[in-house]
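Student: Structure in C-alpha cells, see below.
No lab work stands behind these numbers, since they all come straight from the coordinates. Fair warning: this is a prediction, and the values are worked out from it, not measured in the lab. Cβ coordinates were reconstructed from backbone atoms using ideal geometry, including for glycine residues, and neighbour counts include every protein chain displayed.
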Amino acid sequence: MSHRRLRRWAGWPLRTFRHLLPRRTRRMLTVPLTIMLVGSVGYPLIEGEKWTWFDGLYMTVITLTTLGYGEIPEPLSRPGRVFTMFLALGGIFTLFYIATEVIRSVVTGEVRELLGRERMEDALKHLAGHLIVCGFGRMGKIVCDELERQKRKFVVIDKFPPPVDWPYYHGLRLQGDATEDEGLRKAGIDRAKALITVVGSDADNLYITLSARLLNPSLLIVARAEEEEAEAKLRKVGANKVISPYLAGGHRAVQAVLRPSVLHFMEMATRPEFLDLQLEEVKVEAGSRLAGVLLRDSRLSREYGVIVVGIVRPTGDVLYSPQGDVLIEAGATLVAIGQRKQLDQVEALAAKG
C-alpha cells in the first residue's frame with residue numbers, strides 16, 4: 001500500500017467526523033475528552049507510582065458518570081479527594097451544558113442548518129465547470145429554473161436568505177455578496193465555466209462583472225442591463241454578452257405580432273422540452289473528426305439529419321447559411337438544427353479524440 005493511500009485510509013475517521021458533525025458540536029465534544037485526559041494524568045501525579053494512567057482513566061470515568069464503584073487501587077488521599085470533587089463538579093456541569101446545547105440546536109434546527117452549510121462548502125470545493133448565478137430575484141429565478149431544467153451544475157449567490165417557497169434545485173445556494181471577491185471565490189469562480197449576473201442594480205452588475213473578469217480572465221460572463229447606457233460600460237469591463245430584459249421583451253412582443261410563425265419556430269428550437277427540433281451550438285475541438293473537413297464531406301445533413309445554419313469562425317466572424325465547400329476549422333462553432341439525439345451524435349464527432 002502506497003504512503004498516499006495509507007494516509008488517506010488513516011485520515012478517514014477524522015474526515016467522517018468533520019463531515020457529519022457541525023463545528024460547534026465538535027468543539028463541545030472536546031471538553032469532556034479534555035476533562036478525561038486531565039483526570040487520567042492528574043490521579044497518578046497526585047497519588048503516586050501505585051496509580052497507572054489506566055487507573056486514573058477508570059477513576060475519571062466512574063466519577064464523571066456518577067457510578068462511583070470504589071477507590072482503586074487504594075483509598076484516595078485528601079488532595080486526591082479534593083481533586084475528585086472538582087473533577088466531578090466540572091464534569092457534571094459540562095455534561096449538562098452539552099446536553100442543553102444539543103437539545104436547543106435540534107429544536108431550533110441549527111444542527112440541520114450547520115450540517116447543510118458544511119456539506120455545501122465541501123461540495124463547492126469539488127465543483128468545476130459550473131455556472132454561477134448572481135442574484136435570485138424574478139429574473140434570477142427564471143435563469144435557475146432553466147438551468148435546472150437542462151440539468152446544469154450551478155451556484156446561486158444572493159445577499160438575502162432563501163425564501164420560504166425556495167424551490168428544490170440540484171444547484172447550490174450561497175448566501176453572500178457577489179460584489180465582494182470573497183463571495184465569488186467561495187462559489188468557485190476560478191473553476192467556473194460561466195457567470196450570469198442578474199442583480200437589479202446596474203452598478204452591482206458592473207462591479208460583479210469587473211471582479212469576475214479579474215479573478216478569471218477566461219470566464220464567459222453574461223450581464224443584465226437595466227439602462228441603455230449601461231450596456232457599453234458592461235462590455236468594457238469584460239461582459240461577453242449583455243441582456244436587457246425590457247429591450248428583449250419589446251422585440252419579442254413586436255415579433256409576436258409581425259412574425260408569429262418565426263417566433264414560434266425560434267421558441268421550439270431553443271426550449272429543451274421540444275424534442276422534435278432544437279437549435280444548438282457545437283464547438284469543434286482540435287483533433288476531432290470534423291476539424292479540417294469540408295462541410296459537404298462531414299455528411300452531417302445526409303447521415304445525421306442535422307442542418308448547419310451558421311458557423312462562427314475562431315476569428316469571431318459569423319458565416320450564415322454556409323455552403324458545402326466551406327472548411328470546418330478547429331475552434332469553430334457550428335450552429336445546427338436537429339433532434340436532440342442527432343445533435344448529441346454531432347457533439348461527439350466534434351469532441352477531441
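Student: What FRET efficiency would be calculated for the residue pair Leu37, Glu74, taking the C-beta separation as r and a Förster radius of 22 Å, to the nearest 0.05?
Tutor: After rounding to 0.05, the efficiency reads 0.45.
Student: What is the fewest-to-most order of Asp204, Asp325 by other Cβ atoms lying within 10 Å of their Cβ?
Tutor: Asp325, Asp204
Student: What nm distance separates the two modelled labels at Tyr58 and Ala248, each placed 7 Å from Cα along Cα→Cβ?
Tutor: Roughly 7.5 nm, to one decimal.
Student: Can you list which of the GluC sites (Glu not before Pro) found in the range 144-224 are DSSP loop residues with at most 14 other C-beta atoms within 10 Å?
Tutor: Within the range 144-224, the qualifying GluC sites (Glu not before Pro) (loop, at most 14 other Cβ atoms within 10 Å) are Glu180.
Student: Give me the three principal axis extents of the range 127-247 from the C-alpha atoms, as integers in angstrom, largest value leading.
Tutor: Dimensions of the range 127-247 along the principal axes of its Cα atoms: 36, 30, 25 Å.
Student: May I pose another question? Can you work out D for the range 294-353 in µm² s⁻¹ from Stokes-Einstein, where Rh is the Kirkwood radius over C-alpha pairs, the temperature is 37 °C and the viscosity is 0.692 mPa s?
Tutor: 281
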